[in-house]
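Structure record follows, encoded as structure tokens.
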């Protein structure tokens, strides 16, 4: 029993070290980059091979999950990646003001699970109608629901305490890791960007910019209000992206083609046009 306890202690100590965290981040990042490069290469050669697409998506998803697991282990064991958490929280506390507090509370309310769920349902109805298909609508709702469930389960497993209660500007009672607000917001924004019927590049750029701005606002509001650590919001972002990749990849690989948007200038009324599948933004 003593030998087993010693071995377990050594293993957990090693897992929490900076070297393991760096290697995990490096491996995860490489998998994401390789998967992304291969996916772009396949699209440029116009190779609609589902096996190849599944392989590339698996690399990207695996890389994201590796980053998320590395964060979770580091947080649970108080490892090296958590070293900046207290400093970031103290910085936000030192820069509070009544105006910023009101704005942060408004933003965090907008990113609450109830509001995100309502927006997801509304977006699913609108986009499903535009696509003339129920699959994009189901994908949106499933993405937000899966992200929320994964976030809640991880909170229980990691069981991380929030910052000290005297720093809280809003009431929170559950565990801290990952941020549910950030997870839900990024999941919703990400899946909508992928499945929305965007026909002009500039519209896509504006939408992506707005999504990034909303993510930053929600993440910053959680830090400012003193209810999350920096690694909480980073983990919520990574988890949400991984979930979006899973659901949208399933839609592309197993879903039926989505009709073209009739607002497309190249769509002639009454003409026979091939259906375009949903693709990653």
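Within the stretch 228-254, which residues are surrounded by fewer than 24 Cβ atoms within 10 Å (Cβ to Cβ), under 20 Å from residue 164 (Cα atoms) and more than 12 Å from the chain's Cα centre (by Cα)?
Within the stretch 228-254, just 230 meets the criteria.
Which condition number in (1) closer than 24 Å to residue 88 by Cβ; (2) over 18 Å from the mean Cα position of the chain (by Cα) is the one that residue 131 fails?
(1)
Residue-wise test of (1) in the same structural domain as residue 100 (by TED's automatic domain parsing); (2) at pLDDT 95 or above; (3) in contact with a helix residue (DSSP H, G or I) (Cβ under 7 Å, 6 or more places away or on another chain).
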| site | (1), (2), (3) |
| --- | --- |
| 167 | yes, no, yes |
| 176 | yes, no, yes |
| 185 | yes, yes, yes |
| 188 | yes, yes, yes |
| 194 | yes, no, yes |
| 232 | yes, yes, no |
| 237 | yes, yes, yes |
| 248 | yes, no, yes |
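For the condition in contact with a strand residue (DSSP E or B) (Cβ under 6 Å, 6 or more places away or on another chain) and in contact (Cβ under 8 Å) with a residue 24 or more places away in the chain, what is the one hit in 131, 168?
Unique residue meeting the criteria: 131.
I need the helices (runs of 4 or more DSSP H) fully contained in the stretch 15-102, keeping only those with at least 2 residues that are in the same structural domain as residue 252 (by TED's automatic domain parsing).
Ranges flagged: 85-94.
Suppose the filter is over 16 Å from the mean Cα position of the chain (by Cα) and not in a helix (DSSP H, G or I); does residue 178 pass it?
no
Take the residues of the stretch 191-202 that are surrounded by 12 or more Cβ atoms within 10 Å (Cβ to Cβ) and either assigned to a helix (DSSP H, G or I) or without any contact (Cβ under 8 Å) to a residue 24 or more places away in the chain (or both): which is farthest from the chain's Cα centre (by Cα)?
Once the filter is applied, the top-ranked residue is 195.
Which members of the stretch 142-175 meet the condition of being crowded, with 24+ Cβ neighbours inside 10 Å and closer than 19 Å to residue 108 by Cβ?
Passing the criteria: 144, 147, 151.
The values are calculated or read from the model by the stated rules, or taken from the named source; none is laboratory data. These numbers come from a predicted model, not from an experiment. Ideal geometry is used to build each Cβ from the backbone, glycine not excepted, and the neighbour counts take in all protein chains shown.
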